[in-house]
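In what follows, a structure is listed as structure tokens, so that the remarks can point back to it.
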Amino acid sequence: MAEIVLETRALTMRFGGVTAADNVNFRLRARELRCLIGPNGAGKSTFFKCVTGLQTPTEGQVYMRGHDTTHWMPHQIASLGVGIKMQTPSVMDNLTVHENIWLAARRFHPPEEANRKTAEMIERLALGPIARNALGQLAHGERQRVELGLVAVGDPWLVLLDEPAAGMSAEDVERMTGIIHELNKTAAIVIVEHDMQFIRSIAEVVTVFHQGAVLMEDHVDRVMADPQVRNVYLGKKA
Amino acid sequence: MQGSLSRDVIATVIVTAILLWIMPLLIGTYTLTVLVIYGMLGLSLGLIWGFGGILCFGQAAFFGLGAYTYAIAAINIGESTLPMILAVLVPAIFAALLGAMMFYGRLTDVYLGVITLVVTLILFKFMNSTAGPQYVIGNARMGGFNGIPGFQTLNVPGDPGAYIWGDAYFYVCAVALAIVFLLVSALLRSSFGRIAVGIRENETRMSLMGYDVRARKTVLFSTGAAIAGLAGALFANWGEIVTPNLFSLGQSAEIIIWCIVGGLGTRLGPILGAAGLAYVKFLLGQQHLIDNTLILGLILVLFVLFLPRGIVPALVSLWRISFGRRPLGRIHQARRSRNRERLHG
């Protein structure tokens with residue numbers, strides 16, 4: 001088996017009286033692709049924020065490639081080679097596509113190398129015609145694609161994506177699926193997602209969250225067929 | 001930013017040379033000197049606010065600290081070279097400590113403004129209360145609200161008898177401003193400057209890309225304070241006295257107004273805003289009909305209403321509309337590429 005790149009042990013997060021994440025034990029191996037699903041308020045996003053350092057868990061530990069990253073800041077975690085994309089598009093709106101990607105590339109490469117990497121990434125994401133446009137002028141799908149470029153250009157070995165398909169057109173989703181599969185050749189990927197169609201198209205193993213805890217972890221087909229999951233997540237309509 | 005640094009250097013040298021030749025024919029060099037010094041002070045805030053997104057209400061604190069450091073060091077040392085260097089270093093170190101406290105404490109926006117404002121007030125109050133004979137640093141008495149007069153002014157390095165004053169002092173200040181302007185240009189073109197602009201745009205994104213936002217903001221803040229400190233030392237030499245009024249709230253507010261009127265996010269804007277408004281204030285000071293702060297307030301209000309981005313960005317847009325190559329919209333580009341396909345297809 002491949003090495004474990006991300007592990008949480010008894011990760012718990014409480015906000016006052018509410019336990020948003022409850023004793024979560026999670027393991028992810030190198031080059032694995034894992035989807036986290038669950039109804040609203042199930043704790044997916046809290047779990048995501050604890051792993052990325054945006055919040056510090058009340059109890060428990062987070063390990064990345066053997067480092068205890070529990071109390072690390074987001075920039076320290078990112079510096080390890082972890083690519084992170086938040087739920088809402090978070091980009092530098094007044095800067096060009098090229099400058100955005102260059103800034104991401106520059107973190108891990110000297111300037112000349114960063115120029116080359118940026119050109120490559122723009123080519124790969126088919127952003128050439130809009131490379132000199134400011135991010136603020138772009139459509140939602142294009143902004144999401146650029147943000148994925150920011151994540152990919154750092155050659156991460158672990159990628160954490162929070163709802164990457166939200167609000168995207170079918171064409172954009174398809175293009176993004178391609179990018180994610182490409183990334184998956186070298187990196188382990190965790191995707192928090194609502195869109196069941198997208199999950200069916202991309203996932204193999206799925207972790208289901210419910211009321212802060214892990215309800216089930218199995219192959220996507222078996223998860224979808226499970227009566228308990230259908231009950232808590234898909235409701236009566238499915 | 002477009003173009004290259006070498007083009008910046010050539011343009012700056014030419015423009016500086018022309019201004020050095022023309023301006024003394026129009027305005028006395030004594031007045032020009034202080035306009036140049038204010039320009040440098042404006043640039044210091046323009047750098048950290050316009051490009052780093054750090055709104056500091058206390059830029060006057062670093063200006064005053066530079067002036068006081070120079071005066072105290074000059075009295076004790078008696079030759080101006082080392083005091084000039086200290087006048088840059090002391091505010092920079094002070095700002096690095098203050099900045100580290102604020103940025104590592106994750107203070108942002110309004111809290112940062114409040115703290116920098118309060119620091120300025122504390123320095124103002126403290127300097128005002130140092131009238132007693134017990135407030136002495138070396139041979140220099142702090143002098144309370146009377147300030148410190150009678151220190152060694154700028155001399156040719158190594159020769160304390162050769163004072164630089166009058167017209168010569170104006171040229172020294174103007175060249176110093178040109179050099180600082182070029183250093184700021186180089187900084188903004190460097191990776192550090194581009195990353196600083198990225199942080200201004202989106203702090204969370206930059207930290208998720210692996211940049212230590214706190215450290216970078218502290219360094220930029222300190223750089224701005226170093227420039228303000230240099231301006232303060234030059235001001236001390238110009239006025240030949242330093243007083244606690246350097247730390248006043250009015251001074252702090254004026255620097256912010258210079259940046260807004262001149263144009264944030266440009267290098268030239270804060271310099272032009274500072275020199276222009278200071279000159280208006282100087283002209284208004286020669287009449288007794290209307291209080292000049294009223295007029296300056298009116299100018300600010302008019303700018304915020306009608307030219308919210310400031311003079312320089314407005315001039316740049318005007319230039320682009322009149323003479324520049326029209327940036328092709330995406331529709332045009334799409335149409336063009338479609339036409340091309342049709343031609344080749």
Pairs, first part of a helix (DSSP H, G or I) in the range A:175-192, second hydroxyl-bearing (S, T, Y), C-beta under 8 Å, six or more apart: A:T177/A:S201
Output for the range B:202-242, where each listed residue is of a type in the set (S, T, N, Q) and either modelled with pLDDT of 95 or more or in contact with an Asp or Glu (Cβ under 7 Å, 6 or more places away or on another chain) (or both): B:T218, B:S222, B:T223, B:N237
Selection within the range A:1-30 - surrounded by 15 or more Cβ atoms within 10 Å (Cβ to Cβ) and outside any strand (DSSP E or B): A:A30
Those residues of the range A:149-180 which are within 14 Å of chain B (Cβ to nearest Cβ) and either surrounded by fewer than 21 Cβ atoms within 10 Å (Cβ to Cβ) or among the acidic types (D, E) (or both), in sequence order: A:D155, A:W157, A:D162
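Residue-by-condition table, conditions (1) at pLDDT 90 or above; (2) out of contact with any Cys (no Cβ under 7 Å at 6 or more places or on another chain); (3) over 25 Å from B:L45 (Cα atoms):
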site: B:R106; (1), (2), (3): no, yes, no
site: B:L123; (1), (2), (3): yes, yes, no
site: B:T130; (1), (2), (3): yes, yes, yes
site: B:G138; (1), (2), (3): yes, yes, yes
site: B:N155; (1), (2), (3): yes, yes, yes
Looking only at the range A:41-59, and only at residues there that are assigned to a loop (DSSP other than H, G, I, E, B) and surrounded by fewer than 20 Cβ atoms within 10 Å (Cβ to Cβ), the one that is nearest to the other protein chains (Cβ to nearest Cβ): A:L54
Residues that are outside any strand (DSSP E or B) and either within 18 Å of the chain's Cα centre (by Cα) or surrounded by fewer than 16 Cβ atoms within 10 Å (Cβ to Cβ) (or both), drawn from the range A:204-219: A:E204, A:Q211
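Residues in the range B:119-129: is at least one part of a loop (DSSP other than H, G, I, E, B) and either among the aliphatic types (A, V, I, L, M) or exposed (fewer than 13 other Cβ atoms within 10 Å of the Cβ) (or both)?
No: the range B:119-129 contains no residue that is part of a loop (DSSP other than H, G, I, E, B) and either among the aliphatic types (A, V, I, L, M) or exposed (fewer than 13 other Cβ atoms within 10 Å of the Cβ) (or both).
Can you name every residue in the range A:60-84 that is more than 9 Å from chain B (Cβ to nearest Cβ) and either part of a helix (DSSP H, G or I) or under 14 Å from A:E3 (Cβ atoms) (or both)? Give the steps one after another, and end with the answer.
Here is the first cut: in the range A:60-84, the residues more than 9 Å from chain B (Cβ to nearest Cβ) are A:60-72.
Passing the criteria: A:Y63, A:M64, A:R65, A:G66, A:H67.
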Test for B:G78: is it out of contact with any helix residue (DSSP H, G or I) (no Cβ under 9 Å at 6 or more places or on another chain) and at pLDDT below 95: yes
Subset tally (residues that are in contact (Cβ under 8 Å) with a residue 40 or more places away in the chain and either closer than 26 Å to A:A2 by Cα or touching a Lys or Arg at 6+ places or on another chain (Cβ under 9 Å) (or both)) for the range A:23-56: 22
B:R214 being under 30 Å from A:V151 (Cβ atoms), within 14 Å of chain A (Cβ to nearest Cβ) and in contact (Cβ under 8 Å) with a residue 60 or more places away in the chain: yes
Selected residue (criterion: surrounded by the most Cβ atoms within 10 Å (Cβ to Cβ)) from residues of the range A:85-100 that are facing chain B (nearest Cβ under 9 Å) and farther than 15 Å from B:M209 by Cβ: A:D93
Set B:I255, B:I148, B:I199: member being within 14 Å of chain A (Cβ to nearest Cβ), in contact with a helix residue (DSSP H, G or I) (Cβ under 6 Å, 6 or more places away or on another chain) and touching a residue at least 12 places away in the same chain (Cβ under 8 Å): B:I199
Members of the range A:129-142 that are over 25 Å from the mean Cα position of the chain (by Cα), within 10 Å of A:H98 (Cβ to Cβ) and either more than 10 Å from chain B (Cβ to nearest Cβ) or surrounded by fewer than 16 Cβ atoms within 10 Å (Cβ to Cβ) (or both): A:R132
Elements of type helices (runs of 4 or more DSSP H) contained in the range B:155-265, each with 2 or more residues being touching a Lys or Arg at 6+ places or on another chain (Cβ under 7 Å): B:166-189, B:191-201
The one condition in (1) closer than 17 Å to A:R107 by Cβ; (2) modelled with pLDDT under 90; (3) hydroxyl-bearing (S, T, Y) that A:T52 fails to fulfil: (2)
Single unsatisfied condition, A:V146 versus (1) surrounded by fewer than 16 Cβ atoms within 10 Å (Cβ to Cβ); (2) more than 9 Å from chain B (Cβ to nearest Cβ): (1)
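The values are calculated or read from the model by the stated rules, or taken from the named source; none is laboratory data. The shown structure was predicted, so the numbers you read here are calculated from the model rather than taken from an experiment. Neighbour counts run over all protein chains shown; Cβ positions are idealised from the backbone, glycine included.
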